[in-house]
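Written out below as structure tokens is the structure these notes cover.
The values are calculated or read from the model by the stated rules, or taken from the named source; none is laboratory data. Here the structure is a predicted model, which means the values were calculated and not measured. We place every Cβ from the backbone using ideal geometry, glycine too, and count neighbours over all the protein chains shown.
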Amino acid sequence: MGFRIRFGCVDLARTTICREPDPLWEVLLGMHMVQTDDEPEVFGAWRQRTRARLTPLERELLVLAPPVGYSPDFLTPAESVDGLEAGLSAVAATPQPQLESELALLADQDQVRLPNWTRRLAAGDPAVLAKLCHGLRQFHRSHIAPQMPMITAMISREVKVHSDTVTTGGFESLAGTLHPVLQWEPPYLHVDMGHVDRDRDLDGRGLRLVPSYFCWRHPIMPADPELPPVLVFPVHHDPAWAERGVDPERAVADLLGRTRAAVLRTISKQACSTSELAARAGISLASASEHARVLHRTGLVTTRRAGGAVRHTISPIGTNILTGAQF
């Protein structure tokens, strides 16, 4: 058993691998992980800290993300690939029929009892949607973003390996290295999962491969076949990431590289435009723009447009990392 993803020639040409973590997939899978006791060597310390610091709102939202079975697709919209705020804007704009149908699927699962507020969510109540987005943002800021520099570095290294594999051996060689349960038998990518039995035809849309740190056991896909096809797969889990007592600034330099760490320190001293950042850090304008973009996507820097330019400001998470705060 398992599910089978059918590729056409166009689908192979349109299949891509994300180079950075998808923030809302990490939020959803982090919410799964905090409710289990799986892989204590890797996630145990993070889980213990997270459970101790969950806010009442975050605890409420866990009902939408049971660790086993179905989680609503509206929690992980395709727009999240463009960053947390783009994803949350898409969550807030979820059509009411989708909210209603997906919450009904969630309620049909054994041992899932939805609280009364989910009825208003199913009806598309803007206030409840805003509260949902606030809770997702809060979970990301408090429990995911502090780990993002390390997670991003691990994903970047793994994606480079996969990119080299595609270059030398094509998609056929890549499928066998992404995860043990994946097997390429043209025109199907087989995902060996005992509790699932279904087919998915890509219909020329291609497949977006999303590496994830908080994904575990096996790859997953959105349940709705009409949504853009995405396959989220686990990266190699390094238990060393969770060790306490590591100097955060040194970790940023070791995992993100000295230049990006220097860019973060430069922004921490004073908000600046991209051209000012390049001059102060002693790097090219293109390099400053790219480093600022990555730091923004990982939650360490806030970037806002002011007239014809953008200004970069360090975020509270970035400040905590540079000043040695422990998470």
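Select from the stretch 41-59 the residues that are free of Cβ contacts under 8 Å to residues at least 24 places away in the same chain and surrounded by fewer than 14 Cβ atoms within 10 Å (Cβ to Cβ) and write down the one among them that is nearest to Val235 (Cα to Cα).
So the residue we want is Gln48.
Restricting attention to the stretch 262-273, which residues are surrounded by fewer than 20 Cβ atoms within 10 Å (Cβ to Cβ) and either touching a residue at least 12 places away in the same chain (Cβ under 8 Å) or assigned to a helix (DSSP H, G or I) (or both)?
Listed by number, the residues that qualify are Ala262, Arg265, Ser268, Lys269, Ala271, Ser273.
Listed residues Asp73, Asp38, Asp22, Asp11; which is touching a Phe, Trp or Tyr at 6+ places or on another chain (Cβ under 7 Å) and touching a residue at least 60 places away in the same chain (Cβ under 8 Å)?
Matching residue, one of Asp73, Asp38, Asp22, Asp11: Asp38.
Which of the residues that make up the stretch 113-137 are under 18 Å from Asp224 (Cβ atoms), among the hydrophobic types (A, V, I, L, M, F, W, C) and surrounded by fewer than 17 Cβ atoms within 10 Å (Cβ to Cβ)?
Answer for the stretch 113-137, where residues must be under 18 Å from Asp224 (Cβ atoms), among the hydrophobic types (A, V, I, L, M, F, W, C) and surrounded by fewer than 17 Cβ atoms within 10 Å (Cβ to Cβ): there is none.
Which ones in the stretch 311-327 are farther than 19 Å from Arg137 by Cα and modelled with pLDDT of 90 or more?
Listed by number, the residues that qualify are Arg311, His312.
Grab the helices (runs of 4 or more DSSP H) fully contained in the stretch 71-148, keeping just those with 3 or more residues being closer than 23 Å to Leu300 by Cα.
84-92, 126-139
Report, ordered by the first and then the second residue, all pairs with beta carbons closer than 7 Å, sequence separation of six or more or different chains, a first member in the stretch 113-142 that is within 19 Å of Glu85 (Cβ to Cβ), and a second member that is of a type in the set (Asp, Glu) and at pLDDT below 95.
none
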